[in-house]
Amino acid sequence: MKKIILLLTVLIGATICSFAQNGDAVKGIWINDNKDAKMEIYRSGDKYYGKVIWTDNMYESDGRTLRKDEKNSDDVLKNRTIQNMIILSGFTYNDGEWTGGEIYNPKTGKTYKSTMKLSGRNLEIRGYVGIFSKTTTWVRIS
């Protein structure tokens, strides 16, 4: 009987641990909902960031020159390339959610306050402007 109780305790503990989430669970490679960009999410210190590692429109028409952040309202930032651009910044993990961050949309040149939450293999990213919000869903690819 003691062995059965011990075995059940170990199984329940293992099950709970497997469902427990930690901040690093968001790290990896993700593809956006339009399937036209891949991002890598990583941790630096106690914050989480995401950078663009591929887009289907990465190069200018010459096929060699990397596209620039031309929609950015900051003239200094307009010269940075889309490749390796940090579009998620400053997220901290708290009780199953990554909060306090921002998401930058290079298609519009706008930055939004943001939160992220994992749902299986999907990452739900919500951007906020005042009382309005929009959620985009990325899918983990590695």
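If the limit is 21 Å between Cα atoms, which of K78/K110; K68/K110; K27/K117; K71/K117; K27/K68; K110/K134 go over it?
Cα-Cα > 21 Å for K71/K117; K27/K68; rest within.
So how do K68, K35, K78 line up by other beta-carbon neighbours within 10 Å, fewest first? Can you show the working numbers first?
Details: K68 16, K35 9, K78 13.
Ranked by crowding around the Cβ, least crowded first: K35, K78, K68.
What is the angle, in °, between the Cα long axis of helix 2-19 and the longest principal axis of the Cα atoms in the chain? Nearest 10 is fine, range 0 to 90.
Tilt of helix 2-19: around 10 degrees.
For the chain, modelled as a GNM with alpha-carbon contacts under 10 angstrom, which of G23, G127, G63 fluctuates the most?
G63
Between K27 and Y42, 0.36 nm times their residue separation minus their Cα-Cα distance comes to what?
This chain segment gains 4.9 nm when fully extended.
Below 8 Å, C-alpha to C-alpha, sequence gap of six or more: please give me the relative contact order for the range 39-142 in percent. Please report the intermediate quantities before stating the final value.
On the way: 206 pairs, mean separation 18.4, N = 104.
After rounding, I find 18 percent.
What distance in nm lies between label points placed 7 Å from Cα along the C-beta direction at K113 and E60?
Result: 3.8 nm between the two label points.
Just how large is the dipole of the range 23-140 about the Cα centre, in debye to the nearest 20, putting +1 at every Lys and Arg Cβ and -1 at every Asp and Glu Cβ? Don't skip to the answer; put the middle values down first.
Values: 20 positive and 16 negative charges, 22 e Å.
Using only the charged Cβ atoms, the result is roughly 100 debye.
Quick one: among T92, T81, T108, which has the greatest mean-square fluctuation in a GNM of the chain with alpha-carbon springs under 10 angstrom?
With Cα springs under 10 Å in the chain, the top fluctuation among T92, T81, T108 is at T108.
Taking the chain as a Gaussian network, Cα atoms linked when under 10 Å apart, which of S89, S114, S44 shows the biggest mean-square fluctuation?
S44
Taking every DSSP beta bridge that has both residues in the chain, what percent is antiparallel when rounded to the nearest 5?
For the chain, the DSSP antiparallel bridge percentage is about 100.
Please report Rg over Rh for the chain, where both radii come from the alpha carbon positions and Rh follows the Kirkwood definition. Kindly include the intermediate steps, with their values, before the conclusion.
Details: Rg = 19.1 Å, Rh = 16.9 Å.
When Rh is taken as the Kirkwood radius, the ratio is 1.13.
Show that you can apply the helix-only estimate: for the chain, add -39,500 (n - 2.57) for every DSSP H stretch of four or more residues, divide by all residues, and state [θ] at 222 nm to the nearest 500. Can you show the working numbers first?
Values: 1 runs with 18 residues, N = 142.
Estimated from H runs of four or more residues: -4500 deg cm²/dmol.
Every number here is computed from the coordinates shown, using simple stated rules; none is lab data. Just so we're clear, the structure is a prediction, and the values are computed from it rather than from any experiment. Backbone-built Cβ (ideal geometry, glycine too); neighbour counts: all protein chains shown.
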